[in-house]
Each structure stands twice: as structure tokens, then as C-alpha cells.
1. How many residues does region 110-148 hold that are more than 30 Å from Ala94 (Cα to Cα) and either more than 11 Å from the ligand (Cβ to nearest atom) or not hydrophobic (A, V, I, L, M, F, W, C) (or both)?
2. Any residue in region 156-183 that's of a type in the set (Asp, Glu): show its pairings with residues that are in a loop (DSSP other than H, G, I, E, B) and within 9 Å of the ligand (Cβ to nearest atom) at Cβ separation under 7 Å, as long as the two are six or more apart or on different chains.
3. Residue under question is Ala167, and the condition is that it be assigned to a loop (DSSP other than H, G, I, E, B) and closer than 16 Å to Val399 by Cβ; does it hold?
4. So which residues in region 368-417 are among the β-branched types (Val, Ile, Thr) and either modelled with pLDDT under 95 or within 21 Å of Val358 (Cα to Cα) (or both)?
5. Name the residues in region 183-199 that are more than 23 Å from the chain's Cα centre (by Cα) and in a loop (DSSP other than H, G, I, E, B), would you?
6. Determine the pairs where a residue that is in a loop (DSSP other than H, G, I, E, B), located within region 120-137, has a partner that is small (Gly, Ala, Ser) and modelled with pLDDT under 95 with Cβ atoms under 7 Å apart, the partner being 6 or more residues away or on another chain.
7. Yes or no: Gly10 surrounded by fewer than 20 Cβ atoms within 10 Å (Cβ to Cβ) and on the phi > 0 side of the Ramachandran plot?
Amino acid sequence: MKNYDVIVVGAGPSGMMAAISAAESRKKVLLLDKNEQLGRKLLLTGGGRCNVTNSGSVEEILANVPGNGRFLFSAFAQFDNRDIMAFFEKYGVALKEEDHGRIFPVSNKSRTIVEALVARLTALDVKFSPKQTVSRLRIENKQILGLETNSGSFSASKVILATGGKAYPATGSAGEGYELARAAGHSITQLYATESALISSESFICNKTLQGISLANVNLSVMNAKNKAIVTHRHDLIFTHFGLSGPAALRCSSFVNKELLKGAEFVNVQLDAFPDCSQAELCQKIGRLTKGSDKNLANALSSLTQERFLLFLIDQADLTRDLPAKQITAKQIECLAKLMKSLTIRIDKTFPIEKSFVTGGGVNLKEINPKTMESKLTQGLYLTGELLDINGYTGGYNVTCAFVTGWVAGHHAALEC
Ligand SMILES: Cc1cc2nc3c(=O)[nH]c(=O)nc-3n(C[C@H](O)[C@H](O)[C@H](O)COP(=O)(O)OP(=O)(O)OC[C@H]3O[C@@H](n4cnc5c(N)ncnc54)[C@H](O)[C@@H]3O)c2cc1C
């Protein structure tokens, strides 16, 4: 049996940062992963360029973590997105900021980020042991003693569980962490897909009428059973052969799933394709474009939006595309403007967790000390990253939460050794 001060399970961003912060306090640290390669999921983020964090203020970052962001205030008071950027810059990674505050390595390669983490782990003498699938935590009298893997038994008075969620299981994060946490007495809140595309059975989706249309900077709202908007996201949207994708759809997905979990058969989303114009202003615009015009309706309104989307709206409003524009009535203008501002789209489901970017739900935060990430049920056991009931929007927010909770857990585990 091998002895360590701290054992970290999972070499994702959370586990790697936990191992680094524990080793910076001169502790003997072992990092285990079932994979041969470190940071497999991290390599996929930001379209393979690694969206390493976000430049927003702490308040902004936590507002972009709809799954229990507020739990993270004390963790962010100890280590935040500025510290993440400083860490990478200190260890030789030049960073750049892109739209929506997203931070990437200048190299545009995820590998740069993983290599910097690996170099720091090596410099700190963290032992990395690959191909180790942790199957059991050894706990006695509510105190962690170590763990067992497919190849042996390891002892430590501190164990950090950073095994991620269930999304993209081929990366190694297949959800075993939930079972390990359960065996340590933890409860797991309902798991659901987040940052997922939205699937719709609307006839215009099934007919692929709008497939491939991309709308920039629209408002997409998730409606509740009383037809009230639960949340509205201003972002880009893509119509696909199955439904809706793009950042606006991904951001709405957790809210859609929460409504579906309440028992709804489907959830409506509402698209405002002209969020910078009120309905009255749109009516005036349509009035101006059509008044006295010798063009047909589709041609007269062609400056408003993309042709296929406009033709679809004209059809939805029960108008004829080659209606002489000057013949449109005030009532028909109002109907068209209403569709432009609030097109209702039925959403039947999202992709399953396995095909989504992030897992919603996880280890119940009531059972975790927010200052240290230590389990309130088992002394010496720390839980971090996506394994917890925390989920953020894509844009670097999940990676940031993983790094921050990992750093905090590693730091406190080392302090208590
Ligand atoms: C395609 C894709 C794109 C994404 N893009 C973004 C983005 O742009 N911005 C953003 O913020 N987030 C993004 N995310 C989400 C982000 O990658 C995750 O939230 C983040 O990686 C979670 O970090 P983690 O360290 O908690 O877990 P993970 O990165 O999932 O790491 C967990 C590790 O634990 C290991 N492990 C699991 N079980 C065991 C076991 N029993 N024994 C040993 N090892 C085990 C796994 O092999 C894995 O290496 C994306 C996710 C995907 C799938």
C-alpha cells in the first residue's frame, strides 16, 4: 500500500489545479486518472482552443453560473478568474480575450494549457498515475483513509474527488464519481443535460424549412406553463434539422430541462428576432416599407431579415408572398410584427446528458463546506468541479468553476494535513 498526503482523483482542470495547490504547500500528492492522457475534456473546450476562463467580474462570472453560482462566493474570494489568468501567464502561456470575455491561449491550442498544467505538476513532483480507475473510497468512522483502484490500494488522510460529470463519457467523465460520493453518504440531486441543443417536433423543424439559418443577437426566452418567461438569453441562434442550437439555445437548455422535470410534456421557447425594436416600431417600419410600394410583399420587406426567414414569417402570418405590398392591412402588419417579436417554438426535449456539454445537478451542496470544498459527512474528503451540483454556461464559466473549486480544495486539504 502506497502512502500520500493528498490523493486527487481525476485529472481534469479541477483535479489538476487541486493537485497543484496541494503540492504548492509541499505535500506529497498523487493524481490518478483512468485515462492515460490528462485533461481530455479540457482539450475539447472552446472548440479545441481551450476556453480557459472568462474576464468578467466575479459577480458577472457567478451570474453566468445558473446552477448554484452563489455557493461559490467564498471559493472565489480565495482564488478567482484573475488568479487563473495570472497562473497561466506566470507559467509562460500568453492569453487573449475574445467576445463575451472569453479567454483563450494566444496559440489557439488547448494543448498549450494542458502542457502548462502538466509542467507545473511535474515541477512540484506530483506523481501522476494513469489508467487508474478508482472503484472505492476507504472510509472508517467518517474519516477518509484512502481508496482502491483497479490496480491497488492507496492511503491518504485527504482525498479530493474531481471526477467530473457524465457529459461526453468517452473523455473519461462517465459519472462514477456520483457513485463514489453516494457511497460516502452524499446525496446526488437530479442530474439533467445542460448546455445542450433543443429538439423540436414543430412541423417547420421536421420539414427543415429553416435548417441552416443563423440569427445573430436574438432574444430567446423559456416560457413556463403560465406562458411567462422564466429566462431570456440574448445571443446567436441556429436552426438545425432537429431544432435549435447555438449559444442562445444552449443557455436555455437547463431551464427547459428543469421545466420538463416538473412533468411538462413540452416547453415553449419564444424567439424575439428583433430585440432592438419594439413591436410598434416594427409595425411602423413594415408600414413604411410597404406603403405605396409596387413590389410584392417579400421583396418590399427584404431589408428586414434573411430571405428564408422572412418568407417563413410571411407564411406563418398566413400572408401570400407575392401579395402587392401596398395591399397589406394594418391588422396583417401587426400579425407579422408579432411573429417577428414572439415566435413560439415547441421544445420536446434536449439532447441527453451524454451528448450535452455539461451535467446539471450533482453532489448536494448542502453537504459541502463552501469555504474548503470538504465534505460535511466524511472528514478529509473534498469534492470539486462538475461533480458538484454546479453548472455554468459555456464561455469559460464551467472551466473557471472547476479550477477555482479545485484550487480551494487542494489548498485546504494541504493545510489540514
Ligand atoms: C465538448 C465540450 C466543450 C466544452 N466547452 C466548454 C467551454 O467552452 N467553456 C466551459 O466553461 N466549459 C466547457 N465545457 C465543460 C467543461 O469542459 C467541464 O465543465 C470541465 O472540464 C469540468 O472539469 P472537471 O475537472 O470537474 O471534470 P472533467 O474535466 O470531466 O475531468 C474529470 C476527470 O476524472 C476522471 N475520472 C472520472 N471517473 C474516474 C474514476 N472512477 N477513476 C479515475 N478517474 C476518473 C476522468 O477520466 C476525467 O479525466 C465543455 C465540455 C465539453 C464536453
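1. Count: 15.
2. Going by the 7 Å Cβ cut-off, the qualifying pairs are Glu176/Thr163.
3. Taking the combined requirement at face value, the residue satisfies it.
4. Hits for region 368-417 are Ile368, Thr384, Ile390, Thr394, Val399, Thr400, Val404, Thr405.
5. Ala184, Gly185, His186
6. Gln132/Ser151
7. So Gly10 does not fit the description; no.
Results for (1) touching a Gly at 6+ places or on another chain (Cβ under 9 Å); (2) assigned by TED's automatic domain parsing to the domain that holds Gln279; (3) within 15 Å of the ligand (Cβ to nearest atom); (4) in a strand (DSSP E or B), shown as yes or no for each residue.
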| site | (1), (2), (3), (4) |
| --- | --- |
| Ala181 | yes, no, yes, no |
| Ser201 | yes, yes, no, no |
| Gln211 | no, yes, no, no |
| Asn219 | no, yes, no, yes |
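The values are calculated or read from the model by the stated rules, or taken from the named source; none is laboratory data. These figures come from a predicted structure and were not determined experimentally. No Cβ is skipped: glycine too gets one built from the backbone with ideal geometry, and neighbour counts run over all protein chains shown.
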